[in-house]
1. Name the residues in the stretch 82-109 that are assigned to a helix (DSSP H, G or I) and either surrounded by fewer than 24 Cβ atoms within 10 Å (Cβ to Cβ) or modelled with pLDDT under 95 (or both), would you?
2. For the stretch 151-161, check the following and say yes or no: at least one residue is at positive phi and surrounded by 24 or more Cβ atoms within 10 Å (Cβ to Cβ).
3. Going by the conditions given, is S136 among the polar types (S, T, N, Q), touching a residue at least 40 places away in the same chain (Cβ under 8 Å) and either over 15 Å from M97 (Cβ atoms) or assigned to a loop (DSSP other than H, G, I, E, B) (or both)?
4. Taking the residues in the stretch 187-196 that are within 16 Å of the ligand (Cβ to nearest atom) and in a strand (DSSP E or B) as candidates, determine which candidate is surrounded by the most Cβ atoms within 10 Å (Cβ to Cβ).
5. In the stretch 399-430, how many are outside any strand (DSSP E or B), among the small types (G, A, S) and farther than 29 Å from R178 by Cα?
6. Test P113 against the stated conditions and say whether it is over 10 Å from the mean Cα position of the chain (by Cα), closer than 30 Å to A29 by Cα, away from the ligand (no atom under 13 Å from the Cβ) and modelled with pLDDT of 95 or more.
7. When the residues of the stretch 145-186 are filtered to those that are among the basic types (K, R) and within 13 Å of the ligand (Cβ to nearest atom), which remaining residue is nearest to T128 (Cα to Cα)?
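The values are calculated or read from the model by the stated rules, or taken from the named source; none is laboratory data. Only a predicted model underlies this, so the values are computations on that prediction, with no experimental measurement involved. Heads up, the Cβs are rebuilt from the backbone with ideal geometry, glycines too, and the neighbour counts pull from every protein chain shown.
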Amino acid sequence: AEAFIGAVARGRPLNAWLVETPDHAIAAAEAADRARTEGALLPLSGVPLGIKDLFCTAGVATTAASAILDGFVPPYESTITAKLFGAGAGMLGKLNMDQFAMGSSNETSAFGPVVSPWRRGNDEAALTPGGSSGGSAAAVAARMAPAATGTDTGGSIRQPAAFAGIAGIKPTYGRCSRWGVVAFASSLDQAGPMARDVRDCAALLEAMSGFDPRDATSLDLPVPAWEQGLSADLRGKRIGIPKDYRVENMPAEIDALWQRGIGFARDAGAEIVEVSLPHTRYALPTYYIIAPAEASSNLARYDGVRYGLRDLPDGANLQEMYAATRAAGFGAEVKRRIMIGTYVLSAGFYDAYYTKAQKVRALIARDFEQAFAQCDALLTPTAPSAAFGLGEKSDPIAMYLNDVFTVPASLAGLPAMSVPAGLDAQGLPLGLQIIGRPLDEQGVLNAAL
Ligand code: GLN
């Protein structure tokens, strides 16, 4: 724990941590020492973790990287962090992220962007660690933490894992409890681990998963022994290559990465089959209707009364207090999502946008079902590029396009993982994505191994 606490302090210029909690990590290390002498070690005894600031942590400030939660100290612990601490893990601190997990570069944080520990060749320009779990990705990549929690609504575990050269898995929707995780888009939000390799992800996911009566969408299923079940042997498995992911203007190095991945799968004994997911091109517009719609509903609770910030101008009435609080507390991207969300849910446009998007979502899920009749898992690039520079993508649409490969699995609720798969010509990490059948985290982990 002490080595990591030192690394956290040295790594402060990366701006990955919003709160440091060294005492928590040390207490877990001391408990681990006692457990060792008593022969009572737990699965994660003494492991010091970084916790994305979307997870409520009892007695420790939680802001979702938004000014509107300024001063909020949860009186309760999220189910996921409670499970991790119950398995012996400690907390090094709370990790920076895109505000309310809305973003792909960590630049929407109210506390400034996280800087990736990676550089493009000899160029000193600061790069994004990806987002929204950018603090988690940077902390693990810079060896400030052995692992971290992330959340993924449309790619926020997988894309930062790819950009930072680490592994991360989003399990099947419902595996990890959302209780105590600040809500973005509830039908999409899933937590998962981000770590150096597949094995660590398997061990952490085991500790994080499981039924929780406090989350109505939690799956009441036993948690498989994923770590024990790991096998890199893919003989008899069919890996599908969705031809519709060959998007226009795909950089040659992403195509080369994909070919390399196909080679890895063949070498492990898998049979490669081409499959089709014909509604892929509608996934991004569908996601950017459904996610903001749910966000606009979830974020209505930040009214200046119940949580965090309250801006009460002299003589203001209740409505004016709401308006002032939200104007001051929400960042620009959050406001944009709320406006898109309330627009697509408004009486005049509900059918044209929201209902239509729900129908397309069902078609996208059916595409996957049909593809999984022909293969056991899908292999794709995680993102259409390596990490880009901070400030490089100022157009929101250009930013949204970065999620093209990750949102389809989110819309379908499928387990999906990003694994490091080499470096590009400028020395930046690239990631490959494995998408699995519902509940087949084992198949995903094995293909990734
Ligand atoms: N980049 C996507 C968005 O901005 C996904 C975010 C996420 O998965 N939390 O919505």
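1. Keep residues of the stretch 82-109 that are assigned to a helix (DSSP H, G or I), which gives 82-86, 99-101.
Correct list: A82, K83, F85, G86.
2. yes
3. Numbers: among the polar types (S, T, N, Q): yes; touching a residue at least 40 places away in the same chain (Cβ under 8 Å): yes; either over 15 Å from M97 (Cβ atoms) or assigned to a loop (DSSP other than H, G, I, E, B) (or both): no.
Against the criterion (among the polar types (S, T, N, Q), touching a residue at least 40 places away in the same chain (Cβ under 8 Å) and either over 15 Å from M97 (Cβ atoms) or assigned to a loop (DSSP other than H, G, I, E, B) (or both)), S136 does not qualify.
4. M194
5. Applying the first criterion (outside any strand (DSSP E or B)) to the stretch 399-430 yields 399-415, 424-428.
Filter again for among the small types (G, A, S), leaving 409-410, 412-413, 425, 427.
Remaining after also requiring farther than 29 Å from R178 by Cα: 425, 427.
Qualifying residue count for the region: 2.
6. Considered against the rule, which asks whether it is over 10 Å from the mean Cα position of the chain (by Cα), closer than 30 Å to A29 by Cα, away from the ligand (no atom under 13 Å from the Cβ) and modelled with pLDDT of 95 or more, P113 comes out as no.
7. Looking at residues that are among the basic types (K, R) and within 13 Å of the ligand (Cβ to nearest atom), I get R158.
To keep it simple, each residue is scored yes or no on (1) over 20 Å from L44 (Cβ atoms); (2) surrounded by fewer than 18 Cβ atoms within 10 Å (Cβ to Cβ); (3) modelled with pLDDT under 95.
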| residue | (1), (2), (3) |
| --- | --- |
| V198 | no, no, no |
| E206 | no, no, no |
| G210 | no, no, no |
| A216 | yes, yes, no |
| W226 | no, no, no |
| D233 | yes, yes, no |
| G236 | yes, yes, no |
| G240 | yes, no, no |
